[in-house]
1. Quick one: how many residues across the range 65-84 are on the phi > 0 side of the Ramachandran plot and of a type in the set (Gly, Ala, Ser)?
2. For the range 101-146: of the residues being among the small types (Gly, Ala, Ser) and part of a strand (DSSP E or B), which is farthest from Ser42 (Cα to Cα)?
3. For the range 142-155, what are the residues that are without any contact (Cβ under 8 Å) to a residue 60 or more places away in the chain and surrounded by 15 or more Cβ atoms within 10 Å (Cβ to Cβ)?
4. Out of curiosity, is Gly174 small (Gly, Ala, Ser) and over 30 Å from Asp41 (Cα atoms)?
5. I'd like to check something: does the range 147-158 contain any residue that is closer than 21 Å to Asp41 by Cβ, modelled with pLDDT of 95 or more and in contact with a Ser or Thr (Cβ under 8 Å, 6 or more places away or on another chain)?
6. Name the one entry in Arg179, Arg212, Arg198 that is out of contact with any Ser or Thr (no Cβ under 6 Å at 6 or more places or on another chain), in a loop (DSSP other than H, G, I, E, B) and either at pLDDT 95 or above or more than 17 Å from Asp120 (Cβ to Cβ) (or both).
Amino acid sequence: MRARRWLENFLLLAGVLAIDVWIWSHASSVLYQRWQERAFDSEVQSGTHRPEQPSPRHESGPIGRLVIPRLHLRAMVGEGTGEDTLSLAAGHILNTALPGEAGNVGVAGHRDTTFRALRDIRKDDVILFETRRGTYRYRVSELKIVKPSQVSVLNASDARELTLVTCYPFHYIGSAPDRFIVKAREVTTVRQDDTRRRGKPRPPVRRKRAVRV
């Protein structure tokens, strides 16, 4: 009887600790996203990063923000796919292109946090990748499920494209056996200097009055 009660108390404590860990990990991700979004927006609006500078592959902090309007998905993107990055944000896959470069931009995220909304994505959905240099607009062209060993989905092609990667199935408990892949093609680009230039009001034109003699 005592052993059974001890086991029940142990399982209850383990369950409470597991819930606490999940709540903390989720809360820390949300707080990180909000803080980084605010800092990112402030930097972009102030124009402290010049669009003509080299690609920000080695800059500190997030390289940009992914936005999928129809899914209301917004996720800051850090560099690398280590757990220290993916526990807080999406991660740019090393050795893949960056937005604005020719090739395949690879981004990974956890299926139960950052990329949870991808379960509802559709072909032709619009994906925006906002960076300090500009906003890159992609349109979803393909959705597929592959094995983790099929890294060919990240191969560069002639077109500028974006590949999102997350584990699958979305509701799987434990280490998921497959990967859910979203392929999108770049369709337009808006540079930050163009945005600021369009946003500045034109000075009023002063007309010279005719001088009567």
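The values are calculated or read from the model by the stated rules, or taken from the named source; none is laboratory data. Small disclaimer: the values here were computed from a predicted structure and weren't measured. Ideal geometry is used to build each Cβ from the backbone, glycine not excepted, and the neighbour counts take in all protein chains shown.
1. 1
2. Ser141
3. Across the range 142-155, the qualifying residues are Leu143, Val146, Val153.
4. Judged against the criteria, Gly174 is a match.
5. No - not one qualifying residue is present in the range 147-158.
6. Arg212
Yes or no, residue by residue, for (1) at pLDDT below 80; (2) over 22 Å from Ile127 (Cβ atoms); (3) not acidic (Asp, Glu):
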| site | (1), (2), (3) |
| --- | --- |
| Thr48 | yes, yes, yes |
| Arg57 | yes, no, yes |
| Gly61 | yes, no, yes |
| Ile68 | no, no, yes |
| Ala90 | no, no, yes |
